[in-house]
Amino acid sequence: MNNILRSVLMRRSTYQFDSRPIRDEELMDILEEGKLLSNAENNDAWHFTVLQNRALLTRLSDAHEKLIAREHEGLKKDSASGGAGSRMFLDVPMLLIISGRKDVKYAEDAANMVFGSMMLVAEKYGIGVCWLNSAPELFSTEDGRKVLEQMGIPVDYLPLCVGAFGYKRSAGLPDILTLGDNIINIVK
Ligand SMILES: Cc1cc2nc3c(=O)[nH]c(=O)nc-3n(C[C@H](O)[C@H](O)[C@H](O)COP(=O)(O)O)c2cc1C
């Protein structure tokens, strides 16, 4: 198996991060690779925001706790639906936000594709990633919006994909998971 294929198949979500900041040259490599990826019309369909400011991350974490508490009233905070993401904003060294142009129909599909590839590039530096699908919703709350305003995302762009990035705390071998055969239909 070649190294690229190995990364694609073996990569797993990371929930526990080392507190070390990500090295600038590794971050730039991940961002440059993201810029190189195909965006269908070569039209700046997306915009990258790298958030490493501890005060803003803490404010996002507080806003996220509030959101989860509201959504899962009466449930334990770390239930499957809240996930590791409920504390994620507090512990991570960095968030990557991919925003898409509001007037580009396929921006969300493109952002997802770019995000997936950037997660694989991060892997080569031992940088783990957890996709945070509740983050775009978080940014639509009042508290989240106030933090978002500090990030300089251009007005005609919307945050679509958010991921927590950081060096993995443990380098243990990932579990190999396979899904059931019933998720495949071949129509000839
Ligand atoms: C589109 C997407 C969104 C996700 N959102 C979250 C999230 O909000 N919080 C979280 O803790 N994990 C999130 N995850 C990670 C999943 O929980 C994880 O992929 C799943 O448990 C399978 O584990 P694996 O990625 O290690 O194979 C997300 C994963 C994907 C692909």
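The values are calculated or read from the model by the stated rules, or taken from the named source; none is laboratory data. Note that the structure is a prediction, hence the values are computed from the model and not measured. Ideal geometry is used to build each Cβ from the backbone, glycine not excepted, and the neighbour counts take in all protein chains shown.
When you check Thr58 against the structure, is it under 14 Å from the mean Cα position of the chain (by Cα), at pLDDT 90 or above and more than 16 Å from the ligand (Cβ to nearest atom), yes or no?
no
Is it true that some residue in segment 141-149 is more than 16 Å from the ligand (Cβ to nearest atom) and polar (S, T, N, Q)?
Within segment 141-149 (the criterion being more than 16 Å from the ligand (Cβ to nearest atom) and polar (S, T, N, Q)), the answer is no, since none of the residues qualifies.
If you go through segment 89-113, how many residues are over 19 Å from Phe165 (Cβ atoms) and of a type in the set (Val, Ile, Thr)?
Qualifying residue count, segment 89-113: 1.
Can you work out which of the residues in segment 1-32 that are among the small types (Gly, Ala, Ser) and part of a loop (DSSP other than H, G, I, E, B) is surrounded by the most Cβ atoms within 10 Å (Cβ to Cβ)?
Ser13
Cβ contacts < 7 Å: first residue within 16 Å of the ligand (Cβ to nearest atom), restricted to segment 1-28; second residue among the β-branched types (Val, Ile, Thr), any location; separation 6+ or different chain. Result?
Thr14/Val129; Phe17/Val92
Restricting the first residue to segment 147-161 and requiring it to be closer than 16 Å to His64 by Cβ, which pairs with a second residue that is hydroxyl-bearing (Ser, Thr, Tyr) meet a Cβ separation below 6 Å and a spacing of at least six or different chains?
So the pair list comes out as Met151/Thr49; Pro159/Ser99.
Being small (Gly, Ala, Ser), within 25 Å of Arg59 (Cα to Cα) and in contact (Cβ under 8 Å) with a residue 24 or more places away in the chain is the filter; apply it to segment 112-140 and report the residue that is surrounded by the fewest Cβ atoms within 10 Å (Cβ to Cβ).
Applying the filter and picking the extreme gives Ser134.
Looking at Leu138, is it over 12 Å from the mean Cα position of the chain (by Cα), under 26 Å from Arg54 (Cβ atoms) and more than 15 Å from the ligand (Cβ to nearest atom)?
No, not satisfied.
For segment 118-162, name all the residues that are in contact with an Asp or Glu (Cβ under 6 Å, 6 or more places away or on another chain) and of a type in the set (Ser, Thr, Tyr).
Tyr125 - this is the single residue of segment 118-162 that is in contact with an Asp or Glu (Cβ under 6 Å, 6 or more places away or on another chain) and of a type in the set (Ser, Thr, Tyr).
To keep it simple, each residue is scored yes or no on (1) surrounded by 15 or more Cβ atoms within 10 Å (Cβ to Cβ); (2) in contact with a helix residue (DSSP H, G or I) (Cβ under 6 Å, 6 or more places away or on another chain); (3) closer than 21 Å to Leu56 by Cβ.
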position: Glu142; (1), (2), (3): no, no, yes
position: Ile153; (1), (2), (3): yes, no, yes
position: Gly163; (1), (2), (3): yes, no, yes
position: Ser170; (1), (2), (3): no, no, no
position: Gly180; (1), (2), (3): no, no, no
